[in-house]
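Peer 1: Pasting a structure here, questions to come.
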Amino acid sequence: MVKRAKPGKRPEIILNQNDSIPLYRQLYERLRAEILAGQLEAGARLPSTRILASTLGVSRNTTALAYELLLLEGYIESRVGDGTRVAHLEYGRSFHTTRKKYVTKDVEPQQTQLSRRGELLVTASSASEPVNRTSTDLFRVGQPDVAYFPYETWARLVARHARRSLQAVSLYQDAQGYAPLREAIAAHIGITRGVHCSPEQIIITAGSQGALDLVARVLLDPGDAAWVEEPGYQGARGSLLAAGAELVPVPVDGEGIDVALGQQLRQDARLAVVTPSHQFPSGVTMSLQRRMALLAWAREVDGWIIEDDYDSEYRFSGRPLEALYGLDSARRVLYVGTFSKVLFPSLRLGYLVAPPELLNGLLAARRFIDVYLPPLEQMVLADFIAEGHFIRHLRKMRQIYLERRNALIDALRHELADLLDVVVPEAGMHLVVWLPANVNVQAVAGLISKHGLDISFVSQFGRRPLTREGLLLGFAGTPPEELRAGVHKLALALHE
């Protein structure tokens, strides 16, 4: 039943007895809204609790409780012999009016006053968005195929720990992360990547992005110079910008980042972020000569190197190359890895391997950011690795992605050999094809979009103009027949 009443000439008050909100709370909110909106003017007399209860057809306790809340919060005043009146709330009323104007569709909101650093982050975030956004996931970069993930196994491990283990980890946990997971990671990367470390050097993070952000916060002061690969991963640039760093784009060629040119640009840089095993977006592998030069630079200037081991798990020929971390005798390299791309993207679990002397500072910052990650998924992942499920899934997906990579390469060579130079990747989940020199990139983008394709350009991941534009074609998340159909659409667009 709905109760209505009009106190004097004031706006109608409607209370709904079927609502889950108590009647006294409904009455309080209606009166409060009318006071803030100026519909009940300052100094206006309100009916007594008895009269209002009779008018509304509710108990006097309902009106008394509503008035008590309004009185305690200063919206009304009550004096002996003068009854109850609306209080003077010029500040509150102007605030409410301003807020109503802000959300009105016909009025444009005021420009957000971000800091200079905040504006840079918005720009960097916008630059990383794909140029042609459509509903299809065809050719989407960095997207694994999650259909093959062993969800039943994962669910069984989740249920096991939810039943047996949660109580044991219900209190505050170690900021470094779940110890058995760190032990499993140390064993895995020691064997597969040549990263020999102790579990005490590992910090569990929210994906690789969490690790990049943590390192940038701790090792950089505002204004410090930091090398970034050009073109390179926008997530790394965003973390550095958030720390107030001055970005120094260092070009990448067939051997990886050009260390000599980086030294000419800013020898005194504090830090360098690199993807040596599988550079993003070009896919090149850093040569041994460049690796040694980079380590020598870090030793000379007391700089730091963040090694983002992007997509290294998916190498299609030979044994995965040893990580840069394994060549570092001066302890200047911080190694970053993630499970999001290998297992499924919503699993925001990554890790950072840091020199022992940096751990106190990194963990101190971690406690002020998010303290630590929720333990349940960490426990599940530890068992997933220890019981061999991780390696089995990795081997299966490597074979599937190899088949898809080869199907994409064959289709490109069959339909677009006259227009595109295809770079065959030895690792990862995408490849790069280079367009003819001096091509009209905007025209290409328009034609690609016209044919319903969502393809990223190499130039999106850099700040300097390219002499030749390239397209990034992801293949991991798409079956071979769909890749072939997508290449046919791309051929129609480019030949047009």
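Peer 1: Sorted by packing (mean other beta-carbon atoms within 10 Å per residue), highest first, where do 332-341, 434-443 land?
Peer 2: 332-341, 434-443
Peer 1: Please give the charge dipole size of the chain, origin at the Cα centre, charges +1 on K and R Cβ atoms and -1 on D and E Cβ atoms. Round to the nearest 20 debye.
Peer 2: 2200
Peer 1: Sticking with this structure for a sec: Could you rank the peptides 198-210, 355-367 by their average count of other C-beta atoms within 10 Å per residue, with the highest value first?
Peer 2: 198-210, 355-367
Peer 1: Additional query: Could you name the aspartates and glutamates in cross-link range of Lys396, using Cα to Cα under 14 Å and dropping any fewer than eight places away on the same chain?
Peer 2: Asp145, Glu313
Peer 1: Roughly how far apart, in whole Å, are the Cα centres of segment 441-496 and segment 139-186?
Peer 2: Between the Cα centre of segment 441-496 and that of segment 139-186, the gap is 36 Å.
Peer 1: What are the ³J(HN,Hα) couplings of segment 36-51, residue after residue, when phi is run through the Karplus curve with 6.51, -1.76, 1.60 and θ = phi - 60°? Round to Hz, x for glycine and proline.
Peer 2: My calculation for segment 36-51 gives 5, 7, x, 6, 9, 6, 4, x, 5, 7, 9, x, 5, 4, 5, 5 Hz in order.
Peer 1: Beyond 34 Å, what percent of the Cα pairs of segment 150-387 remain?
Peer 2: Value for segment 150-387: 15 percent of Cα pairs lie more than 34 Å apart.
Peer 1: With axes computed from alpha carbons, what is the tilt in degrees of helix 60-72 against the longest principal axis of the chain, rounded to the nearest 10 within 0 to 90?
Peer 2: 60
Peer 1: In deg cm²/dmol, rounded to 500, what helix-only [θ] at 222 nm does the chain give when every DSSP H run of at least 4 residues adds -39500 (n - 2.57) and the total is split over its residues?
Peer 2: Value at 222 nm, helices only, nearest 500: -13500 deg cm²/dmol.
Peer 1: In segment 452-496, if the dipole is taken from +1 on Lys/Arg beta carbons and -1 on Asp/Glu beta carbons about the Cα centre, which of Gln460, Gly477, His488 is farthest to the positive end?
Peer 2: Gln460
Peer 1: Given [x] 27.6, 98; [y] 25.8, 82; [z] 30.3, 95 as candidate values of Rg and Dmax of the Cα atoms in Å, which corresponds to the one derived from the coordinates?
Peer 2: Recomputing Rg and Dmax of the Cα atoms in Å here picks out [z].
Peer 1: Can you check what the net charge comes to around Val439, using other residues whose Cβ is under 10 Å from the Cβ of Val439 (Lys, Arg +1; Asp, Glu -1)?
Peer 2: 0
Peer 1: Taking the DSSP beta bridges in the chain as the whole, what percent of them are antiparallel, to the nearest 5?
Peer 2: In the chain, DSSP labels about 65 percent of beta bridges as antiparallel.
Peer 1: Of the DSSP beta bridges with both residues in segment 150-387, give the percent that are antiparallel, rounding to the nearest 5.
Peer 2: 35
Peer 1: For helix 480-495, what angle does its Cα long axis make with the longest principal axis of the chain, in degrees from 0 to 90 and rounded to 10?
Peer 2: Orientation of helix 480-495: about 90 degrees from the principal axis.
Peer 1: For the charge dipole of the chain, defined by +1 on Lys and Arg C-beta atoms and -1 on Asp and Glu C-beta atoms about the Cα centroid, which residue among Ile51, Tyr178, Val228 has the Cα displaced farthest towards the positive pole?
Peer 2: Projecting each Cα onto the dipole axis, the largest value belongs to Ile51.
Peer 1: Another question about this same structure. If you plug each phi of segment 150-166 into the Karplus form 6.51 cos²θ - 1.76 cosθ + 1.60 with θ = phi - 60°, what whole-Hz ³J(HN,Hα) values come out, in order, with x for Gly and Pro?
Peer 2: x, 5, 5, 4, 4, 5, 5, 5, 4, 4, 4, 6, 5, 7, 9, 10, 4
Peer 1: Moving on to the next point. Find the Cα radius of gyration of segment 347-416, compare it with 2.2 N^0.38 Å by division, and give the number to two decimals.
Peer 2: Values: Rg = 19.6 Å, N = 70, 2.2 N^0.38 = 11.1 Å.
Working it through for segment 347-416, the quotient is 1.77.
Peer 1: Also, I was wondering about something else. What does the charge count near Ile21 come to, summing +1 for each Lys or Arg and -1 for each Asp or Glu among other residues with Cβ under 13 Å from its Cβ? Don't skip to the end; give the middle numbers.
Peer 2: Numbers: positive: Arg25, Arg30; negative: Asp19, Glu29.
Local net charge: 0.
Peer 1: List, in order, the whole-Hz ³J(HN,Hα) value for each residue of segment 238-248 obtained from phi through the Karplus relation with A = 6.51, B = -1.76, C = 1.60 and θ = phi - 60°; use x for Gly and Pro.
Peer 2: Per-residue couplings from phi come out as x, 4, 5, 4, 4, 8, x, 6, 8, 7, 10 Hz.
Peer 1: Sort 73-79, 189-195, 169-175 by the packing proxy (mean of other Cβ within 10 Å over each peptide's residues), most packed first.
Peer 2: Result, highest mean first: 189-195, 73-79, 169-175.
Peer 1: So, one more: What is the angle, in °, between the Cα long axis of helix 116-127 and the longest principal axis of the Cα atoms in the chain? Nearest 10 is fine, range 0 to 90.
Peer 2: Helix 116-127 sits at roughly 60 degrees to that axis.
Peer 1: Treating cross-link reach as a plain straight distance, find the aspartates and glutamates whose alpha-carbon is under 14 Å from the alpha-carbon of Lys450, omitting any fewer than eight places away in the same chain.
Peer 2: Hits, sequence-local ones excluded: Glu496.
Peer 1: Measure out, as a whole number of angstrom, how far apart the alpha-carbon centroids of segment 195-254 and segment 258-280 sit.
Peer 2: Cα centres, segment 195-254 to segment 258-280: 12 Å.
Readers should treat all values here as calculations from the given coordinates under stated rules, not as data from a laboratory. Just so we're clear, the structure is a prediction, and the values are computed from it rather than from any experiment. Glycine gets a Cβ as well: all are built from the backbone with ideal geometry, and neighbour counts include every protein chain shown.
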